[in-house]
1. Which value does Rg/Rh take for the chain over its C-alpha atoms, Rh per Kirkwood?
2. Amide H neighbours of GLN150 under 5 Å, counting only residues 5+ apart in sequence or on other chains, H built in-plane at 1.01 Å?
3. Please sort by residue number the chymotrypsin sites (Phe, Trp or Tyr not before Pro) in region 78-153 whose DSSP state is loop and whose Cβ has at most 16 other Cβ atoms within 10 Å.
4. Karplus couplings for region 73-90 from phi (6.51 cos²θ - 1.76 cosθ + 1.60, θ = phi - 60°), rounded to Hz, Gly and Pro as x?
5. When only C-alpha pairs under 8 Å and at least 6 residues apart count, what is the relative contact order of the chain, in percent?
6. Output the relative contact order of region 14-170, whole-number percent, from Cα pairs under 8 angstrom with separation of 6+ residues.
7. To the nearest 10 degrees, how steep is helix 22-44 against the longest Cα principal axis of the chain, on a 0 to 90 scale?
8. With a cap of 10 neighbouring Cβ atoms within 10 Å, and only residues DSSP puts in a loop, list the trypsin sites (Lys or Arg not before Pro) found in region 241-290.
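Every read-out reported here was derived from the displayed coordinates using simple, explicitly stated rules and does not represent laboratory data. Note that the structure is a prediction, hence the values are computed from the model and not measured. Note that each Cβ is placed from the backbone with ideal geometry, even for glycine, and that neighbours are counted across all protein chains shown.
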Amino acid sequence: MKRVSLTQYLVEQQREHGRIPPELRLLIEVVARACKHIAIAVNKGALGDVLGSAHSENVQGEIQKKLDVISNEVLIEANEWGGHLAAMASEEMDSIHVVPNRYPQGEYMLLFDPLDGSSNIDVNVSIGTIFSVLRKIGHARGVSEEDFLQPGKQQAAAGYCVYGPQTMLVLTVGNGVAMFTLDRETGSWVLTQQDVRIPEDTKEFAINMSNLRHWAPPVKRYIDECLAGKTGPRGKDFNMRWVASMVADVHRILMRGGVFLYPWDQREPEKPGKLRLMYEANPMAFLVEQAGGLATNGRERILDIVPTRLHERVSVILGSKNEVETATRYHAE
């Protein structure tokens, strides 16, 4: 079987389908290269002195791990000089990072969660990098936070890299979902799956059950019915899976189906959810929809939400179509 590299896949998307301009192709290749560097750091672990806390907090007030900071720096340094970007935004930074004047400015903007699943870093469980690409709208010189506040349906590309037993890059440019596996011997990303489809039905759900007492009634109803199994209203037994790393949980859903919920809860009632709309929910919703699944906040499609600030949070229900529809319907009722 002929091996197709990430570069060849992107060139074909550009040439045959007219899906992506050359600048976007080059930008995705730079992000993929940065993910390789992060993978090397993650793989070294204690040998590279990258485990443990960085003794600093990010804008969310979360304690940063050393690898959070390293990954953020790798992505910024790799992307700022290429000429494809106007600015970047990261879950780990207070405000946007405008491409310095010494480099040419491009028409794209990159958003990322440099290392998702930080709680799993030190225990050797799968973690990942999530990214999203937006076009800068309008021709005004300069770039501000306002330029980033676009609904997720306007993403030009999105993806994630999962650092697990294999290092994999999962990507959409709006033409389905493709998966690439890192060949460590040659250092190249090789296409290993194309036209990924999420089964419409599933018997698996992913949620943090320890928060059960804090959930809203529709979420509690949905999970109670899953737990009731064959004799309950759903008429089938469900399994629960929860990695506490969104990348790992979504990757499993893309591979074999399932539903992932990170809902609003009463612990911080003023916050609509825990996950960040622009760094986590939007790129994952784009991937899931491109694979035939659904993603909502319980009331509306995630990709339709117009953000009002850079670090906006959102409630998330995504995965197999029929289960997401059921859980969303319970919110409407």
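1. When Rh is taken as the Kirkwood radius, the ratio is 0.96.
2. none
3. Passing sites in region 78-153 are TRP81.
4. These are the phi-based 3J(HN,Hα) values: 5, 4, 5, 5, 5, 5, 9, 7, 9, x, x, 9, 10, 8, 6, 10, 9, 9 Hz.
5. 15
6. 17
7. 70
8. Here the trypsin sites (Lys or Arg not before Pro) that fit, given the DSSP loop and packing criteria, are ARG267.
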